[in-house]
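S.K.: This is the structure I want to talk about, given as structure tokens.
No lab work stands behind these numbers, since they all come straight from the coordinates. Remember, predicted model here, so these are calculated numbers, not experimental data. Methodologically, a virtual Cβ is constructed for each residue, glycine included, from the backbone with ideal geometry; neighbour enumeration extends over all protein chains shown.
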Ligand SMILES: [Zn+2]
Ligand SMILES: [Zn+2]
């Protein structure tokens with residue numbers, strides 16, 4: 001992607017475009033420049049459009065881009081994680097937005113392995129502090145016996161009759177691009193163009209076998225729900241010496257019973273009594289770093305939000321910079337009073353009546 005180009009310009013939108021405008025512009029542009037579009041298709045520009053959308057549709061990335069530009073994003077996410085999608089994987093991006101699949105597999109030369117997607121659920125505090133999780137994924141690797149050929153060692157390969165050795169089947173369909181040539185992998189030879197005379201007994205001629213891999217996934221501190229992490233080369237093994245695909249880990253964060261998250265701030269609700277509200281004082285409140293003392297100012301109102309700076313969510317990958325903890329104060333009205341409490345409240349009501357003639361409240 002040319003560094004100098006402005007992402008808003010690429011999508012043809014203004015800098016204050018709303019989310020749905022961005023999406024709309026992306027769809028329009030992607031449709032126009034998709035490589036399948038015979039008249040206006042342009043693969044390079046299509047990639048730019050995708051990359052621009054990738055950033056501008058993600059509020060966090062957009063904010064960083066607005067303030068610091070592409071270099072800012074690189075500093076935050078690193079080169080490889082700036083975009084959630086691999087540069088070469090257009091069909092993936094495409095199917096995500098248009099619900100269409102475009103499969104294309106070359107019969108000659110190495111093939112890149114497929115990308116894998118793994119949903120990883122982590123606890124609230126693990127997302128705040130970062131964590132390392134072992135994930136077990138199943139991938140297809142080349143069969144060790146036939147080294148991926150699918151042929152029994154010593155047996156020959158013959159040309160596939162379904163596709164005349166091309167490995168792919170072409171079909172013209174009508175879509176909103178107009179006529180689209182859909183190229184799909186030949187189901188008989190799975191794109192190889194050749195079938196084996198005698199199948200490898202180890203993998204039943206598939207050439208690949210399912211293996212289980214355990215990967216340590218390092219989740220950076222401050223990660224947000226729905227974030228996608230990408231591990232280059234940890235996806236399915238490539239074929240015919242091709243590179244492996246990538247592994248995408250999608251983060252899901254469990255709700256916490258006390259804490260909720262609002263951007264970089266952590267919010268808790270704290271109930272206090274009438275007496276505490278009127279008199280003020282110090283109370284203990286839970287925080288992500290354990291119990292902390294909170295100063296309640298005398299006369300605090302229900303709905304007041306108090307703040308403990310620096311006890312919020314750390315910036316992604318930067319534990320040193322944190323948001324704040326916000327404490328929403330609710331004053332609890334007692335609904336069962338002991339005889340003694342009732343007496344005190346009645347006394348209080350009396351004093352206040354005398355003071356201001358007010359009859360509508362205790363304070
Ligand atoms: Zn085999
Ligand atoms: Zn075939």
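S.K.: Go ahead and set up a Gaussian network model of the chain, Cα springs under 10 Å, then flag whichever of 346, 264, 209 fluctuates most.
M.R.: Comparing 346, 264, 209 in the GNM, the peak value goes to 346.
S.K.: Now a separate question. Can you give me the P(r) profile for the chain? Cα pairs, bins 20 angstrom wide beginning at 0, each as a whole percent.
M.R.: Each 20 Å bin holds this share of Cα pairs: 21, 39, 24, 11, 4, 0.
S.K.: Then there is this: For n ≥ 4 DSSP H runs only, could you compute -39500 (n - 2.57) per run for the chain, divide by its residues and tell me the 222 nm figure to the nearest 500?
M.R.: On the way: 8 runs with 96 residues, N = 363.
Taking each H run of at least 4 residues, the total per residue is -8000 deg cm²/dmol.
S.K.: Expressed as an acute angle from 0 to 90° and rounded to the nearest 10, what is the orientation of the C-alpha long axis of helix 59-81 relative to the principal long axis of the chain?
M.R.: Between the helix axis and the principal axis of the chain, the angle is about 50 degrees.
S.K.: Calculate the radius of gyration of the Cα atoms of segment 260-332 to one decimal place, then report Dmax, the largest Cα-Cα distance, as a whole number, both in Å.
M.R.: Considering segment 260-332 through its Cα atoms, Rg and Dmax are 12.9, 43 Å.
S.K.: Listed highest first by mean packing, meaning other Cβ atoms within 10 Å per residue, what order do 296-306, 244-254, 116-126 come in? Don't jump to the answer; show the numbers that get you there.
M.R.: Numbers: 296-306: 13.0, 244-254: 19.2, 116-126: 15.5.
Result, highest mean first: 244-254, 116-126, 296-306.
S.K.: When the chain is treated as a GNM, springs tying every alpha-carbon pair under 10 Å, which of 242, 130, 150 comes out with the largest mean-square fluctuation?
M.R.: Its mean-square fluctuation being the largest, the pick is 242.
S.K.: Please identify, among 313, 219, 196, the residue showing maximal mean-square fluctuation in a Gaussian network model of the chain using a 10 angstrom Cα cutoff.
M.R.: Most flexible of the set in this elastic network: 196.
S.K.: Return 142, 225, 20 ranked ascending by Cβ neighbour count within 10 Å, so the fewest neighbours appear first.
M.R.: In increasing order of surrounding Cβ atoms, one gets 20, 225, 142.
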